[in-house]
Structure formats: structure tokens, C-alpha cells
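Notes follow once the structure below has been shown.
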Amino acid sequence: EPEVTQTPSHQVTQMGQEVILRCVPISNHLYFYWYRQILGQKVEFLVSFYNNEISEKSEIFDDQFSVERPDGSNFTLKIRSTKLEDSAMYFCASSDSSEISPTDTQYFGPGTRLTVL
Amino acid sequence: QKEVEQNSGPLSVPEGAIASLNCTYSDRVSQSFFWYRQYSGKSPELIMSIYSNGDKEDGRFTAQLNKASQYVSLLIRDSQPSDSATYLCAEYSNSGYALNFGKGTSLLVTP
């Protein structure tokens, strides 16, 4: 069964450093997402991406965040200058709709645990 | 701002019993709802989606949606210890791109 994959599973970085989290969405999916979950808190939406453009972003997704689809398979989240409060699980998700529908199912990857020291 | 509310629990049920998980939502025009299961340290895994008023059954799971009362529930029949996890209720944002999650209800099924 196709699944979303993410690398690395765990990333440790120093405050102020740049990190890139990588995701390979399910191959025929068209919409891609990033969510984060701070330990003990709820899953929060960061950004959605379609047709090489951001379709929606949350207040969390400020100027130090960026997303890119550098090739036909990868989808990346870059954090330019990490802060202690960026420590969280970051989940990539994808859905297969060609146009947004309230019935779209989003499938989540296993996540990357980011620890900022 | 759309809100999805869940009792954090923990909800403890004995093995073989029915577990009932509830979720309320604030936006009367919300159309679709999703139940995800999340084991500790793992990612959300879709269990069921529901879009219409009434019940939807899938194996041991039944989702119920009541749009008039603005609540969604998930029933797990014949609960197993492996069902012990946090159950997340989610709906789409007004834009239709972002899933808005509740904080989740922790379920513990005791042998």
C-alpha cells in the first residue's frame, strides 16, 4: 500500500541553524501539507501546497519557514533559523484530489522529530 | 475561528466493551469530519470519515454525525488493548485546505 515517507526520523540541531525536512508524498497525490505537533499539544496545520504554489498557510508559517517541491517526488520544509520553540514532530501529508473538496482524505507520513538545542 | 472540542480523557474501558468517543464543533456549516488514531510518538492514522447525518459503520468502528447538535462520535465495539491510543477528531477549515484537529481523547482498554 502506498504511503507517505519522511526523512530523517529524528533531527537534532542547534538554535539558529537551518534545517530541511524531507517528505515523499504518495505518488499520484496532488496536494501536500505540513503539520506540526508540539509535545502534549494538538496537531497544528502549517501549510498546504498545490501546483507548485502555497494554497494556504497558518499564522505559524512565518518568514522563517518555506516549502519547495524540488523534483517530481520530494516535498521539503525548510526552517531558516531554528528556535527552541520549533522543537516538535513535523508531519507531512498528501491527498489525491485534483480540486479541493471537503471529503478529501489526508494521509500522514510517520513524522520527523525536530529537537532544537 | 472554527473549534473542535474533545474531552482529553483518559477514557478507560475494559476489553470487549464499547468505547464511545465524542467531539463537538463550533461551525454549523462544517461538512465533513475525520477520526484519526494516534499512538504515542506516531503519526495520525485515518480510521473513518463521515459527511452525512447518521451512522457510518466500518468493522468494529461506527462514526455518528449529528449536524443539528454539532457533534460527532466514534464508537469502538469489542474494544481491544491494541485500541489504546489517542483519538483525534478533525474537520476542514473554511478554506478547505487545512485540517483543524481537536486535542484528542486518550483511550485505555484494560485487559
- Message: Placing unit charges on C-beta atoms (Lys and Arg positive, Asp and Glu negative, everything else neutral), compute the dipole magnitude of the protein assembly as shown about its Cα centre in debye, rounded to 20.
- Response: 380
- Item | Approximate spin-label separation A:T103-B:Q80, in nm, with each point projected 7 Å along Cα-to-Cβ | 2.9
- Among B:L74, B:S30, B:L108 - extreme Cα towards positive end, dipole of chain B, charges at beta-carbon: B:S30
- Task: At 0.36 nm per residue, minus the direct Cα-Cα distance, what do A:E3 and A:T76 gain on full extension? Give it in nm, one decimal, please.
- Result: 24.6 nm
- Are any of the pairs B:K2/B:K67; A:K57/B:K56; A:K57/B:K67 more than 21 Å apart by Cα-Cα distance, and if so, which? A:K57/B:K56; A:K57/B:K67
- Note on the structure: Averaged over the residues of B:49-56, the number of partner chain Cβ atoms within 10 Å of each residue's own Cβ comes to 1
- Between A:L30 and B:K56, the FRET efficiency computed from the C-beta separation at R0 = 35 Å comes out, to the nearest 0.05, as 0.85
- Message: Let's test the formula: R0 of 30 Å, r as the Cβ-Cβ distance of B:E3 and A:S66. What FRET efficiency results, to the nearest 0.05?
- Response: 0.55
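Rule-based calculations on the coordinates, nothing more; no lab input. These figures come from a predicted structure and were not determined experimentally. Neighbour counts are summed over all protein chains in view; Cβ atoms, including those assigned to glycine, are modelled from backbone coordinates with ideal geometry.
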